[in-house]
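Structure first, commentary second.
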Amino acid sequence: MPLPMVVGVDGSESSLRAVDWAADEAALHELPLRIVHAYRWDRYEGGSLAREFDESSRRVTPDDILVVAGRRARRHHPDLAVTTEAVAEEPEYVLLREARNASAVILGTRGRGELADLLLGSVSLTVATTANCPVVVVRGSHDNRAVEGRHGRVVVGVAAAPTAAVHFATEEARRRGAALDAVRAWRCPTHDTADHPLLAGTSERVHEERAADELRAVLVDTPADVRLHRLTVEGPARRVLLNASYGADLLVVGRRRPGQFGHRLGRVAHTLLHHSACPVAVVPDTA
């Protein structure tokens with residue numbers, strides 16, 4: 001039986017947009033959608049929720065939130081298989097447990113107005129850091145959709161070796177009919193040029209060519225039906241990928257396996273989850 005897409009919802013504007021995105025994603029992958037609400041999240045009464053019921057004075061219940069979320073999920077995909085559940089537990093525990101049997105977990109940022117909507121909440125950050133399946137945080141414009149993307153482009157940050165993130169991004173681009181921009185950031189160490197200014201250009205070419213070689217090796221098995229663009233860009237990976245997010249419908253980054261200090265989110269993924277201009281998928285390595 002296929003694993004469902006799971007979306008966490010709390011009634012906020014941000015979480016309802018995540019439901020829209022998750023419904024698109026589930027339809028793209030021909031998977032069921034599971035909508036989960038944890039009782040102990042703060043009670044939100046966003047404009048979208050109030051408009052759905054047209055009863056702003058009535059106290060919003062967990063069942064109300066799920067009814068609205070289910071309605072949103074079926075708005076563009078009436079045939080989508082949707083299940084809902086409200087659970088009386090802390091959201092981190094609920095969503096991490098759901099992640100064990102999910103193809104992906106989709107979350108919003110945090111809601112509570114335009115300014116706070118730009119920030120990443122602790123629930124989304126914890127789940128992205130710890131879940132054993134891909135986690136998508138729906139950032140960026142309020143009209144972001146997993147289908148009919150404005151840019152027709154998926155961007156993936158590429159490391160020096162093949163990763164689960166590359167496979168995930170490739171499949172996303174293929175299903176969407178979008179281009180795949182595989183980006184390898186590179187930097188020329190200061191000590192390579194500090195004492196030899198006349199060789200600076202030569203040293204930079206060496207590092208760029210090495211990055212290009214690594215990129216080709218990682219992407220050698222990319223399916224022929226994917227429109228692949230290989231990009232090597234000089235600069236810190238955080239800055240390079242953040243800039244790329246402004247022209248993407250989805251930005252994909254990897255998360256390393258737990259080390260001796262447990263689960264940790266790298267600086268690149270951490271920055272993108274807080275500042276990306278488009279939805280971000282964090283994909284844990286499996287090997």
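The values are calculated or read from the model by the stated rules, or taken from the named source; none is laboratory data. Keep in mind the model is a prediction, meaning the values are calculated, not measured. Cβ atoms come from the backbone with ideal geometry, glycine included; neighbour counts cover every protein chain shown. Only protein heavy atoms, including side chains, enter the accessible area calculation; ligands, DNA and RNA are left aside. Shrake-Rupley method; radii C 1.70, N 1.55, O 1.52, S 1.80 Å.
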Notebook entry, point to check: Pairs, please: C-beta under 9 Å, at least 6 apart or cross-chain, first residue more than 19 Å from Ala160 (Cα to Cα) and in the stretch 228-247, second of a type in the set (D, E, K, R) and open to solvent by 90 Å² or more (accessible area, probe 1.4 Å)?
Noted result: none
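When residues of the stretch 61-95 are filtered for being part of a helix (DSSP H, G or I), of a type in the set (A, V, I, L, M, F, W, C) and either crowded, with 16+ Cβ neighbours inside 10 Å or at pLDDT below 95 (or both), how many remain?
In the first step, residues of the stretch 61-95 are kept if they are part of a helix (DSSP H, G or I); the result is 62-76, 91-95.
Now drop any that are not of a type in the set (A, V, I, L, M, F, W, C), which leaves 65-69, 73, 94-95.
Those left that are additionally either crowded, with 16+ Cβ neighbours inside 10 Å or at pLDDT below 95 (or both): 65-66, 68-69, 73, 94-95.
Selection size over the stretch 61-95: 7.
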Checklist line | In the stretch 130-173, the residues that are among the hydroxyl-bearing types (Ser, Thr, Tyr), surrounded by fewer than 19 Cβ atoms within 10 Å (Cβ to Cβ) and modelled with pLDDT of 90 or more | finding: none
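Could you count how many residues in the stretch 24-41 are within 12 Å of Val105 (Cα to Cα) and open to solvent by less than 30 Å² (accessible area, probe 1.4 Å)?
Residues of the stretch 24-41 that are within 12 Å of Val105 (Cα to Cα), as a first pass: 25-26, 33-36.
Those still in the list that are open to solvent by less than 30 Å² (accessible area, probe 1.4 Å) too: 25-26, 33, 35-36.
Here the count works out to 5.
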Margin query: Condition first: in a strand (DSSP E or B) and among the basic types (Lys, Arg). Now tell me which residues in the stretch 209-248 satisfy that.
Written below: Arg227, Arg230
Notebook entry, point to check: How many of the residues in the stretch 176-224 are at pLDDT 95 or above and open to solvent by 70 Å² or more (accessible area, probe 1.4 Å)?
Noted result: 0
